[in-house]
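Novice: First the structure, then my questions, so here it is.
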Amino acid sequence: MKGITRRQFGKAAAAAAALAGVSLPEISRGQQAPGVRQFPPGFVWGCATAAYQIEGAVKDDGRKPSVWDVYSHIPGKTFNGDTGDVADDSYHLYKEDVRLLKNLGAGAYRMSISWSRVFPEGKGAPNPLGLDHYKRVLDELLANSITPYVTLFHWDLPDALPGGWQSRSTSMAFGDYAGYVARELQDRVQHFMTTNEFVCFTDLGYRFAHFAPGMSLPPREANQVRHHGILAHGLGVQAIRANAPRAQVGLAENANVYVPVIEDERNIEAARRATRDGNAPFLTALMEGNYPQSYLEREGANAPHVEPGDMKAIGSRLDFVGLNVYTPTYVRADASPRGYAIETYPSSYPKMASPWLYLGPECIYWAVRNVCDLWKPAAIYITENGCSADDVVTPDGRIEDTDRVMYLRNHLTHLHRATSEGYPVKGYFLWSLLDNFEWLDGYSKRFGIHYVDFATEKRIPKLSAEWYCEVIARNAVV
Ligand code: GBH
């Protein structure tokens, strides 16, 4: 990015300071200086994306439609009728995107694989051309010393699977797909995530008719869909372990993050209870290998039907828990039987450019702390964190996204609190490497640290990319 290396720059600055008779702390990679929010040595810095949001090329090399292809083409579902047909065209421009990562100095990239490229019908015969594409992408990453972290399912369910997530056989099909991909890619990939954000492909798709496939099932059926989602994860973990014994296995989950309104013992305890209770059908079930009794009682006759062996699979040991963190839910202790109450947001509460994205940077600390205090996972990654902003290109071609830098800097400051208190956070993936298809919001919401001109597919680093480059180089908040 620059004419001289950082080391040279640091030396030159130190020399200049020595001449001037002052001593400046030389803050460079791996060095601790007073007041510097330094991350532990070896901390992994990366960016995240997902297949349907960036790839385009929806008909190339034998790919068949996913539920999101179908849904985004239904008039009125997405902003402006936008679809992922072309998106960032990363299917063809992946070398350019790896170059963006390289320029940042990123050590890792979280990407997802499109199930319907690998198994166009969701099951049956694999399509070798589909996996060949990912082998090329992975080789490009590895040639640039960027470690791939691969998500197997980021919502793009093959449309051909009968019944979608209403059917238990979809969970089995996911297990088969996960095992196949893990076996084929184990020489290139050491970190696999099964699924991304259960609530988004179960409740939002099948209960609230919001995301694909747009159904509003009654509670019993919707709870069964949830169960099939977490069962898929569990079968996926087992299949990956059986087929790629050296791989590290986890998932990426947007657990609700409960932040104590006041940081005292009572409210901290309330946040912990809320974390267990508010994530009962998903992360809690995974971490405990059981649905909490309170969830089963609450759902009563609508509770999911569980077959023998399901909960054992669901509770499979994980090498890491990945948390996608965006926004807080504030809680306080109260005298109710459950012991906590959720605060409502005042209308003046600040938000980023998406209406749901309330700004509360301490949520990243509490996401880590609540999960670690409750379940003591071996390792945590922040698998997503980032924000939308109303980016504009200035006449001289710059994107001055100071609001995104503010969002990120504050989140990293609170993440630093977690690492400095000894919580086992191993890495951070910024959402997102580049602007992309933001689901129902189409191309109207930009989350990238690289701006994409969707007419030309030109990528331009934003101020936030410059900032993140500096964070990575110093392994510290800047
Ligand atoms: C992540 O979800 C996704 O993993 C990623 O694909 C996505 O691009 C990124 O966030 C940014 O959105 O329409 O008011 O009902 C974050 C969690 C859950 C936030 C669904 C938006 C819908 C809000 N998302 N939620 S609303």
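Novice: Only one residue in Tyr468, Tyr423 is away from the ligand (no atom under 13 Å from the Cβ), of a type in the set (Ser, Thr, Tyr) and outside any loop (DSSP other than H, G, I, E, B). Which one?
Specialist: One residue alone meets the criteria, Tyr468.
Novice: Suppose we filter Ser388, Ser432 for residues that are within 16 Å of the ligand (Cβ to nearest atom), in contact with a Lys or Arg (Cβ under 8 Å, 6 or more places away or on another chain) and of a type outside the set (Phe, Trp, Tyr); which single one remains?
Specialist: On the way: Ser432 fails: in contact with a Lys or Arg (Cβ under 8 Å, 6 or more places away or on another chain).
Just one listed residue meets the conditions, Ser388.
Novice: Quick check on the range 448-458. Is at least one of its residues open to solvent by less than 10 Å² (accessible area, probe 1.4 Å), within 16 Å of the ligand (Cβ to nearest atom) and part of a helix (DSSP H, G or I)? Let's see the steps before the verdict.
Specialist: Filtering the range 448-458 for residues open to solvent by less than 10 Å² (accessible area, probe 1.4 Å) gives 448-450, 452.
Okay, now just the ones that are also within 16 Å of the ligand (Cβ to nearest atom), so 448-450, 452.
With the extra rule that they be part of a helix (DSSP H, G or I), the set shrinks to none.
Checking the range 448-458: not a single residue is open to solvent by less than 10 Å² (accessible area, probe 1.4 Å), within 16 Å of the ligand (Cβ to nearest atom) and part of a helix (DSSP H, G or I).
Novice: I'm checking my understanding of the structure. Among residues of the range 354-383 that are among the aliphatic types (A, V, I, L, M) and part of a loop (DSSP other than H, G, I, E, B), which one is farthest from the ligand (Cβ to nearest atom)? Walk me through how you get there before you give the answer.
Specialist: So the first thing to find is which residues in the range 354-383 are among the aliphatic types (A, V, I, L, M), and the list is 357, 359, 364, 367-368, 371, 374, 378-380, 382.
From what's left, part of a loop (DSSP other than H, G, I, E, B): 357, 359, 378-379.
Details: Leu357: 8, Leu359: 14, Ala378: 23, Ala379: 20 Å.
Once the filter is applied, the top-ranked residue is Ala378.
Novice: For the range 336-353, indicate whether the set of residues that are under 25 Å from Thr49 (Cα atoms) and open to solvent by less than 30 Å² (accessible area, probe 1.4 Å) is non-empty.
Specialist: We begin by selecting, within the range 336-353, every residue under 25 Å from Thr49 (Cα atoms); these are 351-353.
Then drop every residue that is not open to solvent by less than 30 Å² (accessible area, probe 1.4 Å), which leaves 352-353.
Checked against the condition, which is being under 25 Å from Thr49 (Cα atoms) and open to solvent by less than 30 Å² (accessible area, probe 1.4 Å), the range 336-353 yields at least one hit.
Novice: Moving on. Against the condition open to solvent by 20 Å² or more (accessible area, probe 1.4 Å), away from the ligand (no atom under 16 Å from the Cβ) and in contact with a Leu (Cβ under 9 Å, 6 or more places away or on another chain), how does Arg246 come out, does it pass? Let's see the steps before the verdict.
Specialist: Numbers: open to solvent by 20 Å² or more (accessible area, probe 1.4 Å): yes; away from the ligand (no atom under 16 Å from the Cβ): yes; in contact with a Leu (Cβ under 9 Å, 6 or more places away or on another chain): no.
For Arg246, the condition - open to solvent by 20 Å² or more (accessible area, probe 1.4 Å), away from the ligand (no atom under 16 Å from the Cβ) and in contact with a Leu (Cβ under 9 Å, 6 or more places away or on another chain) - is not met.
Novice: Give me a count of the residues in the range 208-235 that are within 12 Å of the ligand (Cβ to nearest atom) and without any contact (Cβ under 8 Å) to a residue 60 or more places away in the chain.
Specialist: So the first thing to find is which residues in the range 208-235 are within 12 Å of the ligand (Cβ to nearest atom), and the list is 208-211.
Going one step further and asking which of them are without any contact (Cβ under 8 Å) to a residue 60 or more places away in the chain, we end up with 208-209.
So the answer is 2.
Novice: Step by step: first the residues of the range 128-165, then only those that are away from the ligand (no atom under 16 Å from the Cβ) and at positive phi, then the one that is most open to solvent (accessible area, probe 1.4 Å). Which residue is that?
Specialist: Ser145
Novice: Could you give every pair whose Cβ atoms fall below 8 Å, whose first residue belongs to the range 446-460 and is more than 15 Å from Cys47 (Cα to Cα) and among the acidic types (Asp, Glu), and whose second residue is open to solvent by less than 30 Å² (accessible area, probe 1.4 Å) and within 13 Å of the ligand (Cβ to nearest atom), counting only separations of at least 6 or pairs across chains?
Specialist: Within 8 Å, the pairs are Glu457/Asp88.
Novice: Applying the selection to the range 166-199, what residues are within 16 Å of the ligand (Cβ to nearest atom), open to solvent by less than 10 Å² (accessible area, probe 1.4 Å) and not polar (S, T, N, Q)? Spell out how you get there, then give the answer.
Specialist: The initial filter retains those residues of the range 166-199 that are within 16 Å of the ligand (Cβ to nearest atom), namely 193-199.
Subset that is open to solvent by less than 10 Å² (accessible area, probe 1.4 Å): 193-196, 198.
The answer is Met193, Phe198.
Novice: Checking Gly205 against (1) open to solvent by less than 10 Å² (accessible area, probe 1.4 Å); (2) farther than 24 Å from Gly76 by Cα: exactly one of these is not met. Which one?
Specialist: (2)
Novice: Is it the case, given these coordinates, that Leu430 is open to solvent by less than 10 Å² (accessible area, probe 1.4 Å), in contact with a helix residue (DSSP H, G or I) (Cβ under 8 Å, 6 or more places away or on another chain) and in a strand (DSSP E or B)?
Specialist: On the way: open to solvent by less than 10 Å² (accessible area, probe 1.4 Å): yes; in contact with a helix residue (DSSP H, G or I) (Cβ under 8 Å, 6 or more places away or on another chain): yes; in a strand (DSSP E or B): yes.
Here the answer is yes, as Leu430 does meet what is asked.
Novice: Moving on to the next point. What helices (runs of 4 or more DSSP H), lying completely within the range 252-353, carry at least 3 residues that are basic (Lys, Arg)?
Specialist: Numbers: elements: 265-278, 285-288, 293-299, 310-314.
Output list reads 265-278.
Novice: Conditions: (1) crowded, with 22+ Cβ neighbours inside 10 Å; (2) closer than 27 Å to Arg298 by Cβ. Pro219 meets all but one. Number of the miss?
Specialist: (1)
The values are calculated or read from the model by the stated rules, or taken from the named source; none is laboratory data. Just so it is clear, the model here is predicted, and its values are computed rather than measured. Every residue, glycine among them, receives a Cβ derived from its backbone with ideal geometry; neighbour counts consider all protein chains shown. Just so you know, the surface numbers come from the protein's heavy atoms only, side chains and all, with ligands and any DNA or RNA stripped out. Shrake-Rupley method; radii C 1.70, N 1.55, O 1.52, S 1.80 Å.
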